[in-house]
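Notes for the one structure printed next.
None of the figures in this text is laboratory data; all of them are computed from the coordinates on show. All of these numbers come straight from a predicted model, not from anything done at the bench. All Cβ positions, glycine included, derive from the backbone under ideal geometry; neighbour counts span all protein chains shown.
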Amino acid sequence: MTTPTPTVDACLAAWQEGHAAARIWERDPTFWPEAAADSVASRLGWLDLPGNSSERVGEWELFAEVIRDEGFRYAVVLGMGGSSLAPSLFSRAFASAGRPLELRILDLVHPEAVRGIVPAGELGRTLFLVSSKSGTTLEPNAMFHYFWSQVALASPQPGRQFVAITDPGTPLAELARHRHFRRCFEAHASVGGRYSALSAFGLVPAALAGADLERILASARAMARSCGAAVPAAENPGLRLGAWLGTLARAGRDKLTVVAAPPWEGFPEWVEQLVAESTGKRGRGIIPIAGEIDPFATGAASDRLLIVLESTDRIDGPQEERLARAASVGIPSLRVSLAAPEELGGEFFRWEFGVAAAGSLLGIDPFDQPDVEIAKELARAALRPPGATARPGPAEEVVDAGSGTALERAVRRWRELLRPEDYVAIQAYLPGDAATAAQLLELRRALRERFGRPTTLGLGPRFLHSTGQLHKGGPPNGLYLQIRDRPRTDLTVPGLGLTFARILAAQAAGDAEALREKGRRLLVVDVGEDRGRGLEALTEAIRAGTGPRK
């Protein structure tokens, strides 16, 4: 860690005098003056997970062993946000060609993503983990109904291929009992989704991926002790991280760039949700930036921070270059080195503690998400049958990527809204295949070069459960680009009277309306049925011009 600035030192001194660590462990609501007392009392169960989850390690690892022994080849997590991001990180960190079972994550509802998640001919050797804290989340429920119908066509006992992970007493828990799921793993109701990596939501998939759960939790317990109530603030890694994030964000450095070397590539996406959903509210927040290539090549550095996660046994040239470049332009940075994937347990706890502490400096409640529901309600309204009573909305403003000069004019007008303190958020309601990912990376590069500002990229509806709170409740310093396509084929969701393409379209329209209601600067582009050609046209329209706007 770099030498703290005097501002960070002053914060740590104040926290030492005010017994900050003890107050966090005691769930003292006065540490977060903007939070309701019942919110704090009911949402800090994550503090106890390093110990509590250790009691269930044997159960979870035995389950994973049985699944492998029965010949299952794939395990697919059907979940969103906190239910999918830690499993996604575990699936990458513990990936090995020699492992008998591959963990996959489905957190998109684009028909192509749903259709492609299970390899051809492997449905009978695939276990589905329906993962939802509330048990009512639309996306995993739709995924469940679709895959249940597929498995039921081939098996008289489809329930043996399904597992639920949810809070006690939810509709999903009841569904699991009614449909005779193989198992229902219940998590702690006092743990919010983005703080659930060390609960059943993260660790059951981790066990299936072949992780050593006890080593993960031992790392978390060691970090929890380092963040203990009696540890001096200046030596407390969680408080030091929180002071660094919070004080620098208040000083204008609110763009937190997170980069990670293999095998930690999924870590920035996990941090992205934790930071965005915890801090992005009341017009304040820290903007996490994950996956940006060469982030400091253009644009001002005065609003940036940098976190680098790397392996202790490997020198990574690009990471060294990023750190050197950040230092050369005065960007504060932290360097975190891990020796093994199991040490992620400690990093989970440190970041949860640190972000919770930073919330007190920003004057927000880090445990709620007050602006998420508006987009969900607007999406539900769009899904109501024709003629049903629904909230009237404004006419959609969508630009066709094939409209040539009309697209260029729309991009130019949108770009004129750019301000010096902004970031540019790409919201792509598209599948996550390699070809589309490559084109979105090129689009992101074009935006960075022409606009000279940090960029973020989220696939929808995945990002609605991650950065969606920040987009609508955080600081008004975002320029938003929503991208839609028109799927050539669709998939019906049995029992719901819906299709995946209709769900996707409703979520995109609902989020666009929610952003506009919040006064956000939004451009919506339809890339059509030929997604590749449409993305190419959009990228060229962004590149049109003589250079970055000053």
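This ranking places Thr405, Thr279 by how few other beta-carbon atoms lie within 10 Å of each, fewest first, which gives Thr405, Thr279. Between Arg125 and Ala437, the modelled label-to-label distance comes to 2.3 nm, taking each label 7 Å out from Cα in the direction of the beta carbon. For Lys472, a cut-off of 12 angstrom between C-alpha atoms picks up these aspartates and glutamates, skipping any fewer than 8 places away in its own chain: Glu277, Asp371, Glu373, Asp511, Glu513, Glu517. What separates the Cα centres of segment 24-56 and segment 497-515 is a distance of 34 Å.
Cα-based radius of gyration for segment 49-211, normalised by 2.2 N^0.38 Å, reads 0.94. Counting DSSP beta bridges with both partners in the chain, what percentage is antiparallel, nearest 5? Rounded to the nearest five, the antiparallel share is 5 percent. Computed extension length for Arg335-Arg282: 16.1 nm, one decimal, from 0.36 nm per residue of separation with the Cα-Cα distance subtracted. Distance between the modelled labels on Leu62 and Ala222, one decimal in nanometres: 2.8 nm (7 Å Cα→Cβ projection). Most simply put, segment 187-337 has about 5% antiparallel DSSP beta bridges, counting only bridges with both residues inside it.
Given their separation in residues at 0.36 nm each and the Cα-Cα distance between them, Thr7 and Glu396 gain 135.4 nm when the chain is fully extended.
A dipole drawn for the chain from +1 and -1 charges on Cβ atoms has a positive end, and of Ala508, Val525, Leu447 the residue lying farthest that way is Val525.
Here the ratio of the Cα radius of gyration of segment 320-462 to 2.2 N^0.38 Å is 1.43. Amide H to amide H distances under 5 Å link Leu338 with Glu310, Ser311, Thr312, where only residues 5 or more positions off or on other chains count and H is placed in the peptide plane. Charges were assigned to the Cβ only: +1 to each Lys and Arg, -1 to each Asp and Glu. The resulting dipole of the chain about its Cα centre is roughly 1100 debye. Packing-based ranking of 28-40, 443-455, 348-360 yields 348-360, 443-455, 28-40, ordered from highest to lowest mean Cβ neighbour count within 10 Å. Between amide H atoms placed 1.01 Å from N, distances below 5 Å from Val76 occur with Arg104, Leu127, Phe128, Leu129, all of them 5 or more places distant or on a separate chain. Backbone geometry of segment 75-91 corresponds, through the Karplus equation with coefficients 6.51, -1.76 and 1.60 at θ = phi - 60°, to 3J(HN,Hα) couplings of 10, 10, 7, 9, x, 9, x, x, 7, 10, 6, 5, x, 4, 5, 4, 4 Hz, x marking Gly and Pro.
With semi-axes defined as the square roots of five times the eigenvalues of the C-alpha gyration tensor, the equivalent ellipsoid of segment 93-177 measures 21, 16, 14 Å, largest first. Between Ala251 and Arg419, the FRET efficiency estimated from the beta carbon spacing at R0 = 22 angstrom works out to 0.75.
The string of couplings for segment 378-383 from the Karplus curve (6.51, -1.76, 1.60, θ = phi - 60°) is 5, 5, 4, 4, 5, 8 Hz, one whole number per residue in order, with x for Gly and Pro. For Cys184, nonlocal amide neighbours, meaning residues 5 or more places apart or on other chains whose placed amide H falls under 5 Å from its own, are Ala164.
From the alpha carbon centroid of segment 77-118 to that of segment 174-196 is 18 Å.
In terms of packing, defined here as the mean over residues of other Cβ atoms within 10 angstrom, the peptides 248-255, 189-196 line up highest first as 189-196, 248-255.
The calculated FRET efficiency for the pair Ala152 and Arg215, based on their C-beta separation and a Förster distance of 41 Å, comes to about 0.60. Segment Ala95..Ala406, full-extension length gain: 107.4 nm, with 0.36 nm per residue of separation and the alpha-carbon distance subtracted. Evaluating 6.51 cos²θ - 1.76 cosθ + 1.60 at θ = phi - 60° for every residue in segment 409-418, the Karplus couplings come out as 5, 5, 5, 5, 5, 5, 5, 5, 7, 5 Hz, glycine and proline recorded as x. Packing, taken as the mean count of other beta carbons within 10 Å per residue, orders the peptides 146-152, 116-122 from highest to lowest as 146-152, 116-122. Remark: segment 373-543 carries a charge dipole of roughly 360 debye about the Cα centre, counting +1 on each Lys and Arg Cβ and -1 on each Asp and Glu Cβ. Using the structure shown, list the pairs from Lys133/Lys518; Lys133/Lys255; Lys376/Lys518 with a Cα-Cα distance above 22 Å, or answer none. Correct reply: Lys133/Lys518; Lys133/Lys255.
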